[in-house]
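Take a look at the structure below.
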Amino acid sequence: MRPLKDAQLGAFTFFASALPHDVCGSNGLPLTPNSIKILGRFQILKTITHPRLCQYVDISRGKHERLIVVAEHFESSLSDFQKQGKTASPEKVLQIAYEVLEGLEFMNKHGMVHRALSAHNVLMDCKGNVKLAKFGLYHMTDHGADVGFPTGYPSYLAPEVIAQGSFHRTDSSHDEAPLPSGPKTDVWSLGVLLFELCAGRRLLQNIDISERLKFILTLGCMDDIVTVLAEEHGCLDTIKELPENVLQLLRKCLTFLPSKRPTPAELLGDPVFDGVSCRYTPFQKPVSLFSSSLRCAHLELPEDISDLCKDDDNDYLSERAINEVYHLWCLAGGDLEKELTNKEIIQSKPPICTLANFVLEDGESFGQGRDRSFLLDDTTVTLSLCQLGNRLKDVAGEAYYPLLEDEQSSLPQSNSSNELSTAVTLPLIIRERDTEYQLIRIILFDRLLKAYPYKKNFVWKEARVDIPPLVRGLVWAALLGIEGDIQAKYESTDKDTPIPTDRQIEVDIPRCHQYDELLSSPQGHIKFRRVLKAWVVSHPDLVYWQGLDSLCAPFLYLNFNNEALAYACMSAFIPKYLYNFFLKDNSHVIQEYLTVFSQMIAFHDPELSNHLNEIGFIPDLYAIPWFLTMFTHVFPLHKIFHLWDTLLLGNSSFPFCIGVAILQQLRDRLLANGFNECILLFSDLPEIDIERCVRESINLFCWSPRSATYRQHAQPPKAAGDNGFGKAATYYTSDYQDMPKTDLSREPLALCDLKAEVSPRISAEDLIDLCELSLAGLTKRTKAGKPKIIAVDIRSVEDFSRGHISGSINIPFSTAFSPDGELVQCPATGILQNYRGRVIVIISHAMKSAAMFATHLVKVNFPRVCILDGGINKLKPTGLLTVPSPQI
Amino acid sequence: MASTQDSNSAATMKKSKGKVNSTAEKEFVFEFRAGKHNCVLKVPLQFPVQENISDLHGRLMLLHKIPCYIENDLKTYLSNFIERETILDYDREAELSLQRLTTGDGDVNQLTNAWTRSYVETTLEHARPEEPCWDEDFADVYHELIHSPASDTLLNLEHNYFVSISELISERDMEIKKLQERQATEMDKVMHELGNTLSDQDVNAVASQHFDTQQVLENKWASELKQVTGIQKHEYQEWVISLHQDLQKSNSSQITEEIKVQPSQLLELEDSGARMFEEQPQLEESFTIHLGAQLKTMHNLRLVRADVLDFCKHRRHGSGGAKLRRLQTALSLYSSSLCGLVLLVDNRVNSYSGIKREFATVAKECTDFHFPFLEAQLDEVQQVLLYARAQRSSKQKEQPEIPRNGGDDKNKNVERNPSNILPGEFYISRHSNLSEVHVVFHLCVDDNVRSGNITARDPAIMGLRNILKVCCTHDITTVTVPLLLVHDMSEEMTIPWCLKRAELVFKCVKGFMMEMASWDGGISRTVQFLVPKKQENDPHILLIVPVSGRPHCTEEGGRSNSNSPHNPNKRSAYTAGLLECGSIESISEEMFYQLSNMLPQIFRVSSTLTLTSKH
């Protein structure tokens, strides 16, 4: 989005029309409220960026179908001319006409018509250039069908618009909505507007509406409409004195028959503008982050670099994008309804005064007086940026332009950086509402993303702190490594031809995160359908499983105006975290996944695991939707965002830890309840504290040896060096599968064998790494970051003395447990008790006995028990076994 | 490969639903050279084009394996073609409608009038200026005052008026009682003489004369009460307005002081209310629930055993936080968190009998300083009702083919007496003088609700749904609903009947509450479920149920005594209560706990907060 510059933020409000009572949609579901339809259709307007159009910023829904639209705004408009009663010079008229047409033509290219053109909707910026306001109203209201009021102003309506009729909601005789208007209707309105400018007075002001409209309709019989209008308003002389090209322009605009009237595009190329058009360069759309063309292709640096800094007026905030400024305005306590109420645009009566008297069985109410506060007042109110300015007055100028080259200093060095570093320690919820903190973060990420993919590592680093909500969509894309011309790829995917999956998609979409306004809007549904179909079509080896819709939801929500990016993110996410989950026969993948999950439960929380196994509450009963949708099916979007902010930073085994963290949060209730209650509890998952869940899953993740979550059906390692800007693989982010496979790695295990084992196996590599028995003597990680470990050798005393890994303790299996499964009291088990809480690695000859030993330990609630894959034999070739010096 | 004919691609384009009445198919023709071949691509397109041109283009490229070197040409041609044809369509439609006017097919006057009307009715710029509304001005003034230090004074003044009305009412009751006693003795005498000196006719004459006297007396009191309340209302409103003006004129603290002094003088009067009701021990349990699949909204539910009018009656001033409750009700009167109550009524809009009469009595105990008297409100409802019926019948005549479920017999019913309301319909009255309620929904139910087999489609249930809808649109955040859809128990309402009914209402209300989230975007609400409680000492008790009607309660209580989760204190209270109130027809305590166990199961109440130490 463009920088704010000298513009202001404006807000106006209107009501969507209420739905009829008790009407169902064709699918049997309740109808979508009109305000939500409008909200969905509005979104695309945010992407319409043109120097002649006021940038739309946001829309929000209030009570009772109220909508408030926020857009770029300027205080002065063409109606100022009219108020002064002056005529505009012919040059000015031509300039205005040309600029308005530029805006109109751009809109038409995007399939939009203004329809509400009038003097007070043609704003003037500080340089006197035209900015069209409210140009999206006709589009967002579905050509006026979703609102009760007519779009446009009586004097400016084109004759064909009048003839096509006004659709009135109380009119039962008009069942069909009026036909949508074409681009040429705006040309007529422009004609009226220009005529007013030339004549220096408003047209048809003194007669009532129906006479006005009749008059416009009768113009059809006139030969020279301009002259007739001039005569009617007593300004024939003024009009006659106009230069020929202005008159020509007026005549062309005020052509009665639409077929003879030019379109805005045609008029722009008309010779009347010969003297004007040369002053304007055609608008070029800025290149987006993901495109095939070079982003710097049109960058021209001035000869003298210092020219760039010339207009340095210290108002750095106005150099930020409009949507950023608005976002910060909201954070700084901005309240749209309050602003509008203060200006008396919103006037509400106490609800008790507007109650109906009588309501029929079908819900139709009677005796409700007409409430004047529901009438349309489309005055735009300027939102004051004072409060925001005050909040940010301490932010130094340097903070707006952080230097990225030095990767060491993460935050800009300003006098407020101390405050900011303390802010980092605050809870995420608070940070997300901190104006100053968000400003700094947004600026930083904005710059990092501009340097993407070059600054990919930096993005990773900063994302570990937090991700500002405003830029989350792009940051996620960066974390998922999206690159290339995604738009072209998306467009070349066939999203229209019917496929067998359509029916299921159609059923699922109206049930997916429908509490959200965006996703429940018809536009949201259309986009949902397209992205899902694109994914299904472009992944012929995979199929649509229910749950894919939920998985798509966060990406679509964040990239609502960029389906291609949503699609690209989803396509990158699935292989990373849900490899082969969407196979037609995915049972082996899922079964393995769930088995590893139950091993992780036993590893981290043996008591819970014992209880759940006892009552037979196995992960198959509840965890499939968790993992198949990566928790998007069970959490609302705002929680998914926080969860995924961390998930995307972790590797593919992180979801296990999230799963365990959720279970642990419900631990008390699970432990207290039997099978039936647990099923009931999970059928509608209770509220989960997501910040705690994230914190705990990170902790669990740190305690899990990497190879414990090894799955043979996980994504096979990627070809090395697949991306030039590859980030340095770290312990947490890289997958176990991505590591080079050696003799010491884990071996694949048949599912039935895996299921038989309660505790996870870890690889010899991990053991060596964690016990710091390194081969070459170099430790990759510092000691602090590692889980503490104790190796337990369960072979016989003789075997142990023949060679064992240093630091391990010997508890021969045969002596460890009493017949009733309790741990026998002896010095060795005493040591084990002392090490309770550490990761316990069971080492033996045979895997079977190790697994049994581990099972026993879990039974007596020893946490973090795992088994060495391959047993002691794996370690023999390494030469790491030591023989203790004989004790004398 | 000489030509590529595309016939399938058009089939995928969906016909837009009724929005644009004319769709036309046009053929897009594109010629290009591939090596030595001249190729022609023909695509039938449905106008107006709904889909994205880039997608269409991408699909054509893919489907027909069009060489990539003409990709850009195709795109330009395609978009130009669509743009051109769309403009032509617009022009044609536009000129058609213009022509219709010139040929006289359309009426210009009708057209322009429709435009005028839609401007006048929907836009502020063209709307007729609003006449100042006294009610709303008063509402603003009151709302401001009640949120100022003057609130105490206002409440005390209101209470003062209340006391004088109460005195009047007790005087009336005394007089009526005396008359009744006198008449009874007289009647006794007459009866004694019956057969001797007097005949049946004479007895009847005496009886009718008694009745007349009683009527006259009652009317006299009624008119007196009306007059007094009228005067009170007038005085009060004037006082409020003048106080507000004073406050505005001189913003000094002096007046505030004056106001503050006043109440102490009034305090003495507080205990004089003779006809106020004793605080009854209520049984109640509260729950917090979270509704919604992913995004959850918190609501509060309360199960209360109380009489429906307990929410309306004023209790003794100063006892049990009655004054606070009064203040709370006054503070929120013009706010956006109102309290509503569902009252089940029969099909006539009046206050002559049953619960309607009782309610009217309660509503008259205190002057309503803000809204018209109940009778006036009901009169208005009558008017609106007749208007609504007229509207409906004229609409139905227009579209007779629309089938309504069971509409036929209903229509007959309406035709019989259009001023009666039907089950499921309700009228609304507004009150400022009830203790905990601002809005009363008078929901019409018939005898059907007493039977055991009503379903979720029953008019009464649909009425509940509409009530909740009104709650959404008018910011009524607390609503009280009779759980069993009856106000008093009778013999046929056995324990299974109660459980079945409670389950139905719980489930339906849960469904409606989830639906509400989509109406209002998930606002936290309080729903109170009311189960009947009639007290022995309630003067309004009309129906006394024989003791034989309730043995099941005792049985039930005895049986599940052993596994009852409740503390022994409550248990003994129950037994004592049973002994004490042989003729009370209410839900037993045991029943109440069964219902309160059912509620969390249906609403999936999140369990009580468990506080644990960090582990």
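So what's Rg/Rh here for region A:751-882, counting alpha carbon atoms and using the Kirkwood radius for Rh?
Computed over Cα atoms, the ratio is 0.95.
Cα centroids of region A:848-880 and region B:179-238: how far apart, whole angstrom?
Each part's Cα centre sits 98 Å from the other's.
Sticking with the crude label model, points 7 Å out along Cα→Cβ, report the distance from A:C702 to B:A390 in nm, one decimal please.
My value for the distance between the label points is 7.8 nm.
Once R0 is set to 56 Å, what does the formula 1/(1 + (r/R0)^6) return for the Cβ-Cβ distance between B:S337 and A:E614, expressed as a FRET efficiency to the nearest 0.05?
Result of the calculation: an efficiency of 0.70.
I need the P(r) histogram for region A:634-705: all alpha carbon pairs, bin width 5 Å from 0 out to the longest distance, whole percents.
With a bin width of 5 Å, the distribution comes to 3, 16, 26, 23, 16, 12, 4, 0.
For chain A, find the longest principal axis of its Cα atoms and tell me its angle to the long axis of helix A:548-558, 0 to 90°, nearest 10.
50 degrees
Cα-Cα over 31 Å: which of A:K338/A:K639; A:K495/A:K584; A:K46/A:K456; A:K343/B:K395?
Pairs exceeding the cut-off: A:K343/B:K395.
Provide A:R66, A:R669 in ascending order of the number of other Cβ atoms located within 10 Å of each residue's Cβ, fewest first.
Ranked by crowding around the Cβ, least crowded first: A:R669, A:R66.
Using the Cβ atoms and a cut-off under 15 Å, what net charge is assigned to the surroundings of A:F560, where Lys and Arg are +1 and Asp and Glu are -1?
Result for the local shell: +3.
Based on alpha-carbon atoms only, what is the radius of gyration of chain A relative to the globular estimate 2.2 N^0.38 Å?
Taking the Cα Rg and dividing by 2.2 N^0.38 Å, one obtains 1.18.
Could you please tell me the mean projected area of the C-alpha convex hull for region A:438-498, averaged over all directions and given in square nanometres to one decimal?
Mean projected area of the Cα convex hull: 5.2 nm².
I need the GluC sites (Glu not before Pro) found in region A:51-150, filtered to DSSP loop residues with at most 14 other beta carbons within 10 Å of theirs.
A:E75
Can you work out the Karplus-derived ³J(HN,Hα) for every residue in region A:336-347? Use 6.51 cos²θ - 1.76 cosθ + 1.60 with θ = phi - 60°, whole Hz, and x for glycine or proline.
4, 4, 5, 4, 6, 5, 4, 8, 6, 7, 9, 10
Which three semi-axes in whole Å describe the equivalent ellipsoid of region A:234-356, each the square root of 5 times a Cα gyration tensor eigenvalue, listed largest first?
40, 36, 18
Considering the convex hull of the alpha carbon atoms of region A:77-148, report its projected area averaged over all viewing directions, in nm², one decimal.
The orientation-averaged projected area of the Cα hull of region A:77-148 comes to 5.5 nm².
Quick one: what are the phi-derived ³J(HN,Hα) couplings along region B:284-295, Karplus 6.51/-1.76/1.60 with θ = phi - 60°, whole Hz, x for glycine and proline?
Result, rounded to whole Hz: 8, 9, 10, 9, 10, 10, 10, 10, x, 6, 10, 7.
Using the Karplus curve 6.51 cos²θ - 1.76 cosθ + 1.60 with θ = phi - 60°, what ³J(HN,Hα) values do you get for each residue of region B:234-245, in whole Hz, with x for Gly and Pro?
Once rounded to whole Hz, the list reads 4, 4, 4, 5, 4, 4, 4, 4, 5, 4, 4, 5.
Sort all Cα-Cα distances of region B:80-209 into consecutive 5 angstrom bins from zero, then give the percent of pairs in each bin up to the one containing the longest distance.
Percent of pairs per bin, in order: 2, 7, 6, 6, 6, 6, 6, 5, 5, 5, 6, 6, 6, 6, 5, 5, 4, 3, 3, 2, 1, 0, 0.
In what sequence do B:I241, A:I789 fall when counting other Cβ within 10 Å, fewest first?
The fewest-first ordering by Cβ neighbours comes to B:I241, A:I789.
Quote the FRET efficiency, to the nearest 0.05, computed for B:K397 versus B:N300 with a Förster distance R0 of 35 Å and r equal to the Cβ-Cβ distance.
Efficiency, from the Cβ-Cβ distance: 0.15.
Do any of B:K249/B:K323; A:K455/A:K576; A:K527/B:K75 go past 27 Å between their Cα atoms, and which?
B:K249/B:K323
Please give the direction-averaged projected area of the C-alpha convex hull for region A:486-577, in square nanometres with one decimal.
Spelled out: convex hull of the Cα atoms, projected over all directions, averaged, 5.5 nm².
Helix A:563-577 sits at what angle to the longest principal axis of chain A, using alpha carbons and giving 0 to 90 degrees rounded to 10?
Once rounded, the angle reads 0 degrees.
Only Lys, Arg, Asp and Glu count, each charged at its Cβ (+1, +1, -1, -1), so figure out the dipole size of region A:311-362 about its Cα centre, rounded to 20 debye.
440 debye
Divide by every residue of chain A the summed helix terms, -39500 (n - 2.57) for each DSSP H run of at least 4, and state the resulting mean residue ellipticity at 222 nm, rounded to the nearest 500 deg cm²/dmol.
After summing the helix terms and dividing by the residues of chain A, the value is -11500 deg cm²/dmol.
Below 15 Å, Cα to Cα, which aspartates and glutamates can A:K83 reach? Residues fewer than 8 away in the same chain don't count.
A:K83 reaches A:E75, A:E196.
5 Å is the cut-off here: which amide hydrogens, built 1.01 Å from N in the peptide plane, fall below it relative to A:I59, excluding neighbours closer than 5 in sequence?
A:V70
By counting other Cβ atoms within 10 Å of each Cβ, how are A:M140, B:M493 ranked from fewest to most?
Taking fewest neighbouring Cβ atoms as first place, the list is B:M493, A:M140.
Could you compute the net charge surrounding A:Q205? Neighbours are other residues with a C-beta less than 10 Å from the C-beta of A:Q205; K and R count +1, D and E count -1.
Its environment carries a net charge of +2.
Could you calculate the FRET efficiency of B:R84 with A:K240 from 1/(1 + (r/R0)^6), where r is the beta carbon distance between them and R0 is 41 Å, rounded to 0.05?
The value I calculate is 0.65.
How big is the gap, in Å, between the Cα center of region B:20-65 and the Cα center of region B:345-387?
Cα centres, region B:20-65 to region B:345-387: 69 Å.
Counting only pairs 8 or more residues apart or on different chains, how many lysine pairs in region A:751-882 have their Cα atoms under 20 Å apart?
6
Relative to the longest principal axis of chain A, what angle (0 to 90°, nearest 10) does the C-alpha long axis of helix A:606-615 take?
The two axes meet at around 80 degrees.
Please list, ordered by chain and number, the residues whose modelled amide H lies under 5 Å from the amide H of A:I842; skip anything fewer than 5 residues away on the same chain.
Distant-sequence amide H within range of A:I842: A:V792, A:C866, A:I867, A:L868.
Only the coordinates and a few stated rules stand behind these numbers; no lab work does. Because the structure is a prediction, the values reported are computed rather than measured. Cβ atoms come from the backbone with ideal geometry, glycine included; neighbour counts cover every protein chain shown.
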